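The values are calculated or read from the model by the stated rules, or taken from the named source; none is laboratory data. Note that this is a predicted model, so its numbers are computed, not measured. So basically every Cβ, Gly included, is an ideal-geometry build from the backbone, and we count neighbours across all protein chains shown. Note: accessible area is taken over every heavy atom of the protein model, side chains too, but ligands, DNA and RNA are not part of it. Shrake-Rupley method; radii C 1.70, N 1.55, O 1.52, S 1.80 Å.
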Amino acid sequence: MLKVVALVSGGGTNLEAILNAIASGEIPDTQMAAVISNNRDAYALERARGRGIPACCVSPKDYPERSLFYQDLIKEIDGFSPDLIVLAGFLVVIPPELVERYAGKIINIHPSLIPSFCGKGYYGLKVHEAALAKGVKVTGATVHFVDEGTDTGPIILQKAVAVEEGDTPEILQRRVMEQAEWKILPEAIRLIAQDRVRLENGRVRIL
Ligand code: GRF
């Protein structure tokens with residue numbers, strides 16, 4: 001049984017896609033052990049609670065120093081002994097200590113085809129604004145392992161999405177979520193649950 005802890009910050013549509021895939025059996029032998037957010041108002045927490053999944057907030061605003069926030073965030077996560085941590089729209093930089101402790105066990109969804117439009121400052125709508133400003137004809141989403149950088153870890157899955165005439169950042173974001181994010185994030189978790197993902201010399205091979 002793959003025990004997963006999801007870290008979220010917003011609406012939780014990626015979380016919803018994962019939970020639906022677990023419930024339908026599309027992702028086998030997997031349990032969402034907990035959902036943790038930095039944002040107490042994140043609707044993603046409501047989605048978890050509605051399914052009886054432990055959901056809590058560890059907010060940096062509640063700590064005088066970032067290191068104390070990190071300490072409690074790690075403690076909260078450790079308490080569930082996850083086999084996999086999924087950053088499902090988590091907008092907080094995670095501490096290097098967490099990356100080390102769960103090396104090769106943290107994955108992230110990014111709403112572009114990395115290495116385009118990623119790294120510091122590229123999150124949420126900003127990613128799609130940049131893609132439209134550049135005039136790319138194709139964008140998409142990427143699931144990757146998390147390393148000590150920002151959106152720099154080994155790529156697991158990607159899915160391309162067409163940019164269409166008249167797209168606004170909001171329209172494009174929705175299409176990327178519907179056609180790419182909500183598909184490849186559950187798929188990546190399924191592959192990991194089936195032990196079909198290998199990390200070799202910094203590159204991912206799918207068995
Ligand atoms: C999505 O745009 C995702 O690509 C990005 O953050 C947003 C999360 O959306 N990582 P949701 O909270 O999963 O609805």
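For segment 114-207, the set of GluC sites (Glu not before Pro) satisfying both a DSSP loop assignment and a count of at most 13 other C-beta atoms within 10 Å is given as Glu148, Glu164, Glu165. Only beta bridges with both residues in segment 2-206 are counted; by DSSP, about 45 percent of them are antiparallel. Average accessible surface for the chain: 49 Å² per residue, computed with a 1.4 Å probe over protein heavy atoms with every protein chain in place. Taken along the Cα-to-beta-carbon direction at a fixed 7 Å, the label points for Ala103 and Thr152 span 1.6 nm. Here the dipole of the chain is about 240 debye; that uses its Cα centre as origin and unit charges on the Cβ of Lys and Arg (positive) and Asp and Glu (negative). For segment 77-207, the tally of Lys pairs with Cα-Cα distances below 22 Å comes to 13, considering only residues 8 or more apart or on different chains. Shown for segment 23-151: the carbon plus sulfur share of the solvent-accessible area, taken with all protein chains present and a 1.4 angstrom probe, equals 50%.
Of the GluC sites (Glu not before Pro) found in segment 48-122, the ones in coil according to DSSP and having at most 16 other Cβ atoms within 10 Å of their Cβ are Glu65.
If you run the Gaussian network model on the chain, springs between alpha carbon atoms under 10 Å, then out of Gly135, Gly104, Gly12 the most flexible one is Gly135.
Between Glu164 and Ala23, the modelled labels are 2.8 nm apart [label points 7 Å from Cα along Cα→Cβ].
Enumerate by residue number the trypsin sites (Lys or Arg not before Pro) in segment 121-161 meeting two conditions: DSSP loop (anything except H, G, I, E, B), and at most 10 other Cβ atoms within 10 Å of the site's Cβ. When the trypsin sites (Lys or Arg not before Pro) of segment 121-161 are filtered for loop state and at most 10 Cβ neighbours within 10 Å, Lys137 remain.
Around Gly25, under 15 Å between beta carbons, what's the net of Lys plus Arg minus Asp minus Glu among the other residues? Its environment carries a net charge of -2.
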